[in-house]
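Chemist: Would you mind keeping the following structure in view while I ask a few things?
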Amino acid sequence: MRKQTISQRKLLRLVVVLVFLVFLGLGSGSLLQAQTYTDLFDFDGTNHGCCAIYPGTLAQGRDGNLYGTTTQGGANSRGAIFKSTLTGTVTVLHSFALTDGAAPQGGLSLAGDGNFYGAAPSGGTDSAGVIFKITPAGVFSVIYNFTRGNDGGFPKISPVPGNDGALYGATGVGGSIFYRITTAGVLTPLATLPFETFGPLTLGADGKFYGVSNVGGTGNVGTAFSVTTTGVIKTIFNFAAATGSLPYGPLLQAADGNFYGTAYTAGSLGGGVVFKLTPAGVYTVLHSFNSTDRSQGINPTTGLVQGSDGFLYGVTSAGGAHLVGTMFKIKTDGSGYADILDFDGSHGAVPYSQPLLHTDGKIYGLTNSGGVHNDGVLYSVAAGLKPFIKPLPLNQAKVGTPVGILGQNLSTATKVLFGTGAGTFTTVGNGFMNAKPAVGATTGVITVVEPGGNLVSPTIFKIVPALLSFTPTSGSVGTPVTLTGTSFTGATAVRFGTKVATFTVNSDTQITTQVPNGALTGKISVTTPGGSAISTTNFTVE
């Protein structure tokens, strides 16, 4: 582990690649203001792997450690899976051997079972790539071999967990197949995306997955799209050269509910952009990178993370003082842009991989090159952001449903709140707990109460209502009906079929209503801020 202060970075002139020498005079400082950059580990190109590329997603494990992949190196020169402590002690868990996959550029996803899942775009029994599982202890298994048939093949991104416990991803060929796969390896093709995506899919608050393609669309320079778990695809934005082209990184749904991301090139200044995209498809350029000046960075290939200060943080793959990349921050309204550090080559260069905001408040990432061996580094950035908790993988649940929570010092927790209501919980070490929303839980942030200070989730967690019964089961217009269930607090609508009814929320578990004019025999539904609940049986209108 190699840590640098601001003054040390200003003095460093060691470079690994000759081209860096040309640019050292363009800038002296690498770390600005209060940021502390730490070069945690230098990859060696052999045993520990080499040269992480996009998206290269790191995953935080239940133990708080980092897990990731390298596309090259390892014992068989086919790429590797590694674990790292937060201080940079790296252990290789698996080296790919082609028969079990090769060149895993997508990184890893942590699923609800505590294991990690990923994809390799080549190798496997049909030489079309694989989906694999690896435990935190390093037990590796291929759970699916692509065939280049209706399942597609050559997946560049790793599947991500959905709310149903399965994982969802997309392939690289075969029209880019959007698929669902269980943790047991049962894969179901759901739809054919118009174009390939290089960014991991993002599970939205509405239960849909969102992503980008770096080709296609009306200008053939990329699209943003949504896709449901049943395979319904919708293009929500077509990129254009004037406002940013070739989006590679994933979309981030921030605390305000909007999506944020980057486009690699073009825009008004030619070097790519940071953008905002509403779920309805309204697009706004927040910042344009200057391809002529380059001092503030150009060509971002990753998505963004949002810190406790509300700023969005990201990296560029080029530009900055040494022309090998920067880290920047920007507010969601486009103000406050700042280049907060410049990669210097000797401690990392060309950060192609998606940054991870760990629940300890630090940002972690991988570079493609630089470091002692010029094979990339694992780094951390302390930017003064607060620790937090992260529900995983769910963003919504019904009362009584287990919710995994990542965080810090969780073994000292004394209480868990879902919105304003309580939850039950069981801790599994300092970095993970299983919690369940109890009756009275409401849609809102999750709070873990600890002696050292409360930890809060950065985004809203939805408590989905359940309509368990109603009485009577039949009646004419005007008949009073009592609904029994959970999470009725804040209800906004009750319907008999399509007809809206008047109602009173008596408690979190009871609503009184009456059969509205025009109602026909059918289901009763209740809508709340957490979603909708529909009865399993019909109410008979007499």
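The values are calculated or read from the model by the stated rules, or taken from the named source; none is laboratory data. All figures in this text were calculated on a predicted structure; none of them were measured in a lab. Virtual Cβ from ideal backbone geometry, glycine too; neighbours counted across all protein chains shown.
Chemist: Can you say whether residue 335 is part of a loop (DSSP other than H, G, I, E, B) and either without any contact (Cβ under 8 Å) to a residue 40 or more places away in the chain or among the aliphatic types (A, V, I, L, M) (or both), as far as the supplied structure shows?
Modeler: yes
Chemist: Right, another one. Please return the ranges of strands (runs of 3 or more DSSP E) entirely within the range 30-122 where 1 or more residues are over 29 Å from residue 203 (Cβ atoms).
Modeler: 36-42, 90-95
Chemist: If a residue must be out of contact with any His (no Cβ under 9 Å at 6 or more places or on another chain) and small (Gly, Ala, Ser), how many such residues does the range 43-74 contain?
Modeler: Selection size over the range 43-74: 6.
Chemist: Of 535, 507, 525, which residue is assigned by TED's automatic domain parsing to the domain that holds residue 469, free of Cβ contacts under 8 Å to residues at least 40 places away in the same chain, closer than 24 Å to residue 397 by Cβ and small (Gly, Ala, Ser)?
Modeler: After applying the criteria, what remains is 507.
Chemist: Could you pull out the residue among 89, 70, 46, 57 that is at pLDDT 95 or above and surrounded by fewer than 17 Cβ atoms within 10 Å (Cβ to Cβ)?
Modeler: Going through 89, 70, 46, 57 in turn, the sole match is 89.
Condition check ((1) of a type in the set (Gly, Ala, Ser); (2) more than 24 Å from the chain's Cα centre (by Cα)) across all residues:
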{"position": "404", "(1), (2)": "yes, no"}
{"position": "428", "(1), (2)": "no, no"}
{"position": "444", "(1), (2)": "yes, no"}
{"position": "455", "(1), (2)": "no, no"}
{"position": "460", "(1), (2)": "no, no"}
{"position": "469", "(1), (2)": "yes, yes"}
{"position": "475", "(1), (2)": "yes, yes"}
{"position": "493", "(1), (2)": "yes, yes"}
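Chemist: From the list 349, 254, 318, which residue is closer than 23 Å to residue 211 by Cβ and among the small types (Gly, Ala, Ser)?
Modeler: 254
Chemist: Further question on the same structure: Name the strands (runs of 3 or more DSSP E) wholly within the range 492-542 that hold at least 3 residues that are surrounded by fewer than 14 Cβ atoms within 10 Å (Cβ to Cβ)?
Modeler: Hits in the range 492-542: 503-507.
Chemist: Sort out which residues of the range 312-354 are among the β-branched types (Val, Ile, Thr) and under 22 Å from the mean Cα position of the chain (by Cα), and write them in order of number.
Modeler: Selection gives 315, 316, 326, 330, 332, 350.
Chemist: Filter the range 148-196 down to the residues that are of a type in the set (Lys, Arg) and in a loop (DSSP other than H, G, I, E, B) and list them by number.
Modeler: 148, 156
Chemist: For the range 145-176, enumerate the residues that are hydrophobic (A, V, I, L, M, F, W, C) and either under 15 Å from the mean Cα position of the chain (by Cα) or modelled with pLDDT of 95 or more (or both).
Modeler: Within the range 145-176, 146, 154, 157, 160, 166, 167, 170 meet the criteria.
Chemist: Return the total of residues in the range 457-474 being assigned to a strand (DSSP E or B) and buried (at least 17 other Cβ atoms within 10 Å of the Cβ).
Modeler: Adding up the residues that qualify gives 6.
Chemist: Here's a follow-up. Which residues, counting only those in the range 271-293, are of a type outside the set (Asp, Glu) and surrounded by fewer than 17 Cβ atoms within 10 Å (Cβ to Cβ)?
Modeler: 278, 279, 280, 281, 282, 284, 285, 292
Chemist: So which residues in the range 123-147 are of a type in the set (Val, Ile, Thr) and not in a loop (DSSP other than H, G, I, E, B), if there are any at all?
Modeler: 130, 131, 134, 142, 143
Chemist: Could you tell me how many of the residues in the range 215-240 are within 14 Å of residue 278 (Cα to Cα) and touching a residue at least 60 places away in the same chain (Cβ under 8 Å)?
Modeler: Residues meeting the conditions: 0.
Chemist: Is one or more of the residues making up the range 381-389 surrounded by fewer than 21 Cβ atoms within 10 Å (Cβ to Cβ), touching a Lys or Arg at 6+ places or on another chain (Cβ under 9 Å) and at pLDDT below 95?
Modeler: Within the range 381-389, none of the residues are surrounded by fewer than 21 Cβ atoms within 10 Å (Cβ to Cβ), touching a Lys or Arg at 6+ places or on another chain (Cβ under 9 Å) and at pLDDT below 95.
Chemist: Assess whether residue 150 counts as being surrounded by fewer than 20 Cβ atoms within 10 Å (Cβ to Cβ), among the polar types (S, T, N, Q), farther than 30 Å from residue 409 by Cα and touching a Ser or Thr at 6+ places or on another chain (Cβ under 7 Å).
Modeler: For residue 150, the condition - surrounded by fewer than 20 Cβ atoms within 10 Å (Cβ to Cβ), among the polar types (S, T, N, Q), farther than 30 Å from residue 409 by Cα and touching a Ser or Thr at 6+ places or on another chain (Cβ under 7 Å) - is not met.
Chemist: Also, I was wondering about something else. Quick one: which residue in 198, 132 is closer than 17 Å to residue 70 by Cα, at pLDDT below 95, under 23 Å from the mean Cα position of the chain (by Cα) and not small (Gly, Ala, Ser)?
Modeler: Result: 198 is the single residue among 198, 132 that is closer than 17 Å to residue 70 by Cα, at pLDDT below 95, under 23 Å from the mean Cα position of the chain (by Cα) and not small (Gly, Ala, Ser).
Chemist: Only one of 361, 334, 310, 345 is in contact with a His (Cβ under 7 Å, 6 or more places away or on another chain) and surrounded by fewer than 21 Cβ atoms within 10 Å (Cβ to Cβ); which?
Modeler: Selected residue: 334, the only one of 361, 334, 310, 345 that is in contact with a His (Cβ under 7 Å, 6 or more places away or on another chain) and surrounded by fewer than 21 Cβ atoms within 10 Å (Cβ to Cβ).
Chemist: Which residue is surrounded by the most Cβ atoms within 10 Å (Cβ to Cβ), if the candidates are limited to the range 313-331 and must be under 12 Å from residue 254 (Cβ atoms) and of a type outside the set (Ser, Thr, Tyr)?
Modeler: 330
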